[in-house]
1. Taking H placed 1.01 Å from N in the peptide plane, check which residues at least 5 places from Leu153 or on another chain put their amide H under 5 Å from its amide H.
2. Let me spell out the model: positive unit charges on the Cβ of Lys and Arg, negative unit charges on the Cβ of Asp and Glu, origin at the Cα centre of region 173-237. What dipole size does that give, in debye rounded to 20?
3. Charges at C-beta only: +1 for Lys and Arg, -1 for Asp and Glu. How large is the resulting dipole of region 67-183 about its Cα centre, in Debye rounded to 20?
4. Measure off, as a whole percent, the carbon and sulfur share of the 1.4 Å-probe accessible area of region 155-257, all protein chains present.
5. Which one of Ile142, Gly130, Phe119 is farthest out on the positive end of the charge dipole of region 103-164, using unit charges on Cβ (Lys, Arg +1; Asp, Glu -1) and the Cα centre as origin?
6. Let me test this: with uniform point scatterers at the alpha carbons of region 214-341, what is the Debye-based log₁₀ I(q)/I(0) at q = 0.09, 0.14, 0.20 1/Å?
7. When DSSP beta bridges are limited to those with both residues in the chain, what percentage is antiparallel, rounded to the nearest 5?
8. Dipole magnitude of the chain about its Cα centre, charges +1 at Lys/Arg Cβ and -1 at Asp/Glu Cβ only, in debye to the nearest 20?
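The values are calculated or read from the model by the stated rules, or taken from the named source; none is laboratory data. Since this is a predicted model, take the numbers as computed values, not measurements. Glycine also receives a Cβ, built like all others from the backbone with ideal geometry; neighbour counts cover every protein chain displayed. Accessible surface is based on the protein model in full, side chains and every heavy atom, while ligands, DNA and RNA are left aside. Shrake-Rupley method; radii C 1.70, N 1.55, O 1.52, S 1.80 Å.
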Amino acid sequence: MRERFAGAAFELIWASQLPRLLRTRSKARGIVFAMNRVLPDDPADFAPNAGLVIKPDVLEFTIVRVRQLGFDIVDLDEAARRIEMEEATRPFVALTFDGAFRDNLKYALPILRRQQSPFALYVPTAPVDGVGEMWRHALEDIVAGQNALAVSLGGETEYYATASLAEKHRAYAALLKRMRTMPEADRVALVRDLATQYGLDLARHCRELVMDWGELRHFADERLCTIGAGTVHGYELAKLGPADARSEIEQSVRILKAQFGVAPQHLGYPVGDAMAAGPREFGFARELGLRTAVTTVPGGLFAGDRYRLHALPRVRIGGALQARRHVDVFATPGLFSLGRG
């Protein structure tokens, strides 16, 4: 329902020529695009995480089109510099990828090199070590492979029908909501219990999705790439105690420095919405000396963001909104920034 509404809204906005008008009048200095996976195939009928996927040809067209629209594509250091400038310069786009997915190496990196496009990759270190869990994708695969689920919660068992496509979507949405509102330790235990119960090898599942350190070296050695911290486990930091939340950031910086010789200066908050990261987490990023930290709260970037460099908004592209005309809508910071500036 949300995807259909968003698609209709994008079509209406594009047809109205509003993006062109807003780009000429907006005080926005730039925008950060958020992406996760880059895959060429159409998603399966049941693919609740398809919103995290952009197709390779759409990625390449996005790079070409935003340049045609007058945007510079810059790295995160330059983005921060332009935010902090007294006077605005040319508008900019910063491209960011979350999760260190293996398909980024196969499909995204060749395009970014061909287009000479700077970008950032936020790396969660435990999945790269092969000991983390890509739990949302694991939940999707568990639901996809079953006609019914028995879920033990608080000493009671709940049953979910998952035979039909509609049932699968309802079950996934209900379980995702439950998992996001429970403590991270309970969520981790529940995912592991479900994986054991329904025969999903979480370690192998993670290894299939995420690059190892050898593969990640291609990005670390790439001059176009900025390696950013993505915490250790990818936990929602707001659900952790203060010491654990701070440690997730600090340890990921140390691990990445040990691997590549350079401490990352930029952070991507896992999940990144208002439930997952807030003022406390922004303070940790600032205290630890990071240059910027990005959320997934939608918005463009303005001069006032010089005071919010550890809570920068991003706009997620991909999913159901991959028509070429949609790029003109995405590349309109003012559309996503009501009340900001």
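1. Answer set, sorted by chain and number: Glu158.
2. On the way: 9 positive and 10 negative charges, 49 e Å.
Charge dipole, region 173-237, about its Cα centre: 240 debye, nearest 20.
3. On the way: 14 positive and 16 negative charges, 81 e Å.
Computed charge dipole of region 67-183: roughly 400 debye.
4. Working: 2650 of 5140 Å².
Its accessible area is 52 percent carbon and sulfur atoms.
5. Phe119
6. For region 214-341, the Cα-only Debye profile gives -0.29, -0.70, -1.17.
7. Details: 9 of 34 bridges.
For the chain, the DSSP antiparallel bridge percentage is about 25.
8. Working: 44 positive and 41 negative charges, 253 e Å.
My answer is approximately 1220 debye.
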